[in-house]
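Computed from the coordinates by the stated procedures, all read-outs in this text should not be read as laboratory data. Source: prediction; values computed, not measured. Cβ sites come from the backbone with ideal geometry, for glycine too, and all protein chains shown count toward neighbours.
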Amino acid sequence: MQDYPLALPHIFHRAERMFGSREIVTATATGRERTTYRQWADRTRRLGGALDQLGISADGRVATFAWNTARHLELYFAAPCTGRVLHTLNIRLFADQLTYIVNHAEDEVIFVDRSLIELLWPLVAELKTVRHYVVMDDGKGNVPDDPRIVDYEQLIGDADPVEFRVDDENQAAAMCYTSGTTGNPKGVVYSHRSMFLHSMAVLMADALGVSESDVILPVVPMFHANVWGLGHAAPFAGASLVMPGPDLSPGAIAELLESEHVTVAAGVPTIWMGVLPELADRDLSSLRKVICGGSAVPRSLSEAYREKVGLPITQAWGMTETSPIASVGHIKSALRDHPEDELADLRASQGLGAPGVDLRIVNPETGDEVPWDGKTSGELQARGPWIAADYYNDPRSRESFTADGWLRTGDVAIIDAEGYIRLVDRTKDLVKSGGEWISSVELENEIMAHPKVAEAAVIGVAHERWTERPLACVVPAPGEELTKEEVIEFLTPRVAKWWLPDDVVFIEEVPKTSVGKFSKKDLRDRFAGYKLPT
Ligand code: ADP
């Protein structure tokens, strides 16, 4: 067989030659912009020429600080297809983390949306390696008068188109930093090969199953773990894209779903919790898949979509370190006639390992593999062609990878004999009570099934006798009132007695991380030293 490089130019050429008329729609502050893969390809080639013109090194890091837009997708290909490395910056990180990341990656240029420049500009003095700031005009925001600033449209308007070719599939194509709940974020570098293979897996019917006829709405940001592979899978398949831009409010998402006849949409659970009430009375007949991952999908949420929208949530599990798709939920044919209750549990699971990914669960103390018996839990470890082997220039790599080359995910899981994964919790979020573990995730999911509850997060609070005990932080649904007793009573038949939270506090909102997950760290800080009544 030919030794053909698995590299992103192939995906680019496919979209350009075969799917030129398929659309990329971007919702901007000033209205919807529509373009096609043909126009996108032409602009992307000129952007490649512009990177040469700016003098970006042959393997230089090209950063983006941007919303989900068609322009951002130009960068997704122009940087790696000219041998450079795309570095998507998380626009919601704290200033010191952003500064750390840009300096650590040694970004040479940052492509920034005009509406975001005011967020970035205060850091500029600290960004040591950045020589140019290219502003992508999305309608609003003050652009400082500075010689390092270049206008995107002018830049590519003046540039000559280039041919894309990458011969070495192991060359770096992109990098992302984990959102880093403790310490500085860690960088993960993806190769052309890893991204190519990951995209192929995303296309598989039993994975995300993206196809040419799809219209995909990635609500997940393009800086969150490669927009879960959709930015590459869409042009690979020839699927249309709907980019939500800066307005991620539930109403705006619901409006895009309906008016653009979206077939596949993807986002974290907090997005889909918010959007659900907006979906009543809308025509969602085109929608065939709602992909959800990044944190656990409560069974109540997946069932609510099934009942109200007519299709359950498709759950996926992964990490920045796994490109990210590592497992996807779908019900095997042999299980389809099982009792509804069992099926609902399967839908709330993290699904089956994606084709190409090896998974194992390991006893953290002995390092021995534990059986897939649906009972025994252990640390989930992963290996495969799109699983990271280390962190970029970071001594912390040692702790996160085993001697025999597996990624230690930091997640605790149970796998059953069919291969279905159930994430018990993140190691650091488990409540360590009297030498046993309590799953904060399971408690939360049960509490969120209460009709009067909007959101709930459970954390461990220091306890003299038991080391830690669970504290439930609950957000009542709008207009509802709820008592501690009601929550405990609701939980009592659903969980082991010793799991029942020692206290319930009512809060206005569960704090969220930069990618919209429940931030247990912020809650732990807020309730550090909290005096439990027991
Ligand atoms: P961060 O660690 O900063 O949140 P990632 O987005 O890479 O960055 O997070 C990966 C983690 O998110 C996983 O290790 C896991 O704990 C959690 N996660 C992802 N998908 C799921 C899911 N479907 N169910 C439960 N947890 C999930």
* Loop chymotrypsin sites (Phe, Trp or Tyr not before Pro), segment 87-181 (other Cβ atoms within 10 Å of the site Cβ: 13 or fewer; DSSP) -> PHE94
* Asked: If you add up the charges near PRO371, with Lys and Arg at +1 and Asp and Glu at -1, over every other residue whose beta carbon is less than 12 angstrom from its beta carbon, what do you get?
  -> -2
* Can you bin segment 25-163 into rounded, prolate or oblate? Criterion: square roots of the alpha carbon gyration tensor eigenvalues sorted a ≥ b ≥ c, rounded for a/c under 1.5, prolate for a/b above b/c, oblate for the rest. => oblate
* Mind running the shape call on segment 430-526? Use the C-alpha gyration tensor, a ≥ b ≥ c as the square roots of the eigenvalues: rounded below 1.5 for a/c, prolate if a/b tops b/c, oblate otherwise. => oblate
* Sorted by packing (mean other beta-carbon atoms within 10 Å per residue), highest first, where do 476-482, 445-451 land? -> 445-451, 476-482
* For the chain, calculate the relative contact order in percent as a whole number, restricting contacts to Cα pairs under 8 Å that are 6 or more residues apart. => 11
* Report the net charge of residues surrounding SER115, where surrounding means a beta-carbon distance below 11 angstrom and charges are Lys +1, Arg +1, Asp -1, Glu -1. => -3
* Within the set LYS308/LYS375; LYS375/LYS452; LYS432/LYS452; LYS375/LYS484; LYS484/LYS531; LYS428/LYS521, which residue pairs have Cα atoms separated by over 21 Å? -> LYS308/LYS375; LYS375/LYS452; LYS432/LYS452; LYS375/LYS484
